[in-house]
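Let me begin by presenting the structure, written as structure tokens, before commenting on it.
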Amino acid sequence: MCLFSRNMKQAMRLPFTKMHGTGNDYLYIDAFRRRLSDIPALVRAMSDRHRGVGSDGLILLLPSRAADVRMRMWNADGSEAEMCGNGIRCLARFAYETGRARRPSLSVETKAGIKRVDLVFRGRDVSGARVDMGAPILERSNIPMRGGAGRVVDETIRAGGTRVRVTAVSMGNPHCILFVSDPDRAPIETLGPVLERHPAFPNRTNVEFVSVEGPGRLYQRTWERGAGETLSCGTGACAAAVAAILTGRARPGRVRVRLLGGELFVEWGGSGSVFMTGDAVRVFEGVWAT
């Protein structure tokens, strides 16, 4: 299968970089001068952990007329998503180190709007980033979630033959947060996919299983829309922190979120922008041939 337009001679060789943020791994392609065709099929092939490279999805670095660079991302199942918190940190590092962005503070155009990213350095090397994720979207219809007007805070819905209490938040992509006593004992593999495709969420949803570990400390496991359970979800950590503050489980301010793949730090004062800080790790470079 040809991955580029027919007038491209290097159709059979596609350079990529694998990166991860707290274990949430994506494949990054500099598409400033490349035109890809049938991207969903390419994503499914490359993301396959047995027959491909293996990843939670693929992210393209593209030129932008409105920002320094543009980001498009696909989940491992080939579905395109609006935004990825871990992915945008790594994309900012990728853009800076490839010379597509020349400053350590850059703007990134996404389907969820333009986000400001400030790279974090350890010596001369990029180690992570702090992202202005924008204000959380709390109105039900804008998440989107079906039902009456207003916010969805500790609301009971029926799913998988049981009733669960959920709080819904969008960080540019939809999230359904459940507060549980122990995420490690939660039915993530069964309840996660049921909630992901629950009829209340017309665009499907990410699902977070969250517990409070102490003042300003959360533990989260995530069933990601289009990918299944992942080691981390940056937008999910932001949504979980917002939900904890909305429900009185955390105070406005800085919240540390522990995930299977590491820790993220989320700041929200109860209004305005959410800020997220975490790592951005380069794993390896390769060439995909087909």
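The values are calculated or read from the model by the stated rules, or taken from the named source; none is laboratory data. Since this is a predicted model, take the numbers as computed values, not measurements. Heads up, the Cβs are rebuilt from the backbone with ideal geometry, glycines too, and the neighbour counts pull from every protein chain shown. Keep in mind that these areas ignore ligands, DNA and RNA; they rest on the heavy atoms of the full protein, side chains included. Shrake-Rupley method; radii C 1.70, N 1.55, O 1.52, S 1.80 Å.
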List the pairs whose first member sits in the stretch 117-136 and is under 21 Å from GLY270 (Cα atoms), whose second member is among the hydroxyl-bearing types (Ser, Thr, Tyr) and part of a strand (DSSP E or B), and whose Cβ atoms are under 6 Å apart, counting only residues at least 6 apart or on separate chains?
ARG130/THR277
Please indicate, with yes or no, whether at least one residue in the stretch 143-156 is free of Cβ contacts under 8 Å to residues at least 40 places away in the same chain, more than 22 Å from the chain's Cα centre (by Cα), part of a loop (DSSP other than H, G, I, E, B) and surrounded by 14 or more Cβ atoms within 10 Å (Cβ to Cβ).
no
Looking at the stretch 246-282 only, could you name the residues that are outside any strand (DSSP E or B), farther than 14 Å from GLY128 by Cβ and touching a Lys or Arg at 6+ places or on another chain (Cβ under 8 Å)?
LEU246, LEU260
Given (1) assigned to a strand (DSSP E or B); (2) open to solvent by less than 10 Å² (accessible area, probe 1.4 Å); (3) free of Cβ contacts under 8 Å to residues at least 60 places away in the same chain, identify the lone condition not met by VAL169.
(3)
Could you please tell me which pairs satisfy a Cβ distance under 8 Å, a separation of 6+ or placement on different chains, a first residue in the stretch 45-58 that is open to solvent by 10 Å² or more (accessible area, probe 1.4 Å), and a second residue that is modelled with pLDDT under 95 and not charged (D, E, K, R)?
ALA45/THR290; ASP56/ALA227
It is to be established whether one or more residues within the stretch 57-65 are assigned to a helix (DSSP H, G or I) and in contact with a Phe, Trp or Tyr (Cβ under 9 Å, 6 or more places away or on another chain).
no
Out of the stretch 87-115, which residues are in contact with a helix residue (DSSP H, G or I) (Cβ under 9 Å, 6 or more places away or on another chain), touching a residue at least 40 places away in the same chain (Cβ under 8 Å) and either assigned to a helix (DSSP H, G or I) or of a type in the set (Lys, Arg) (or both)?
GLY87, ILE88, ARG89, ARG100
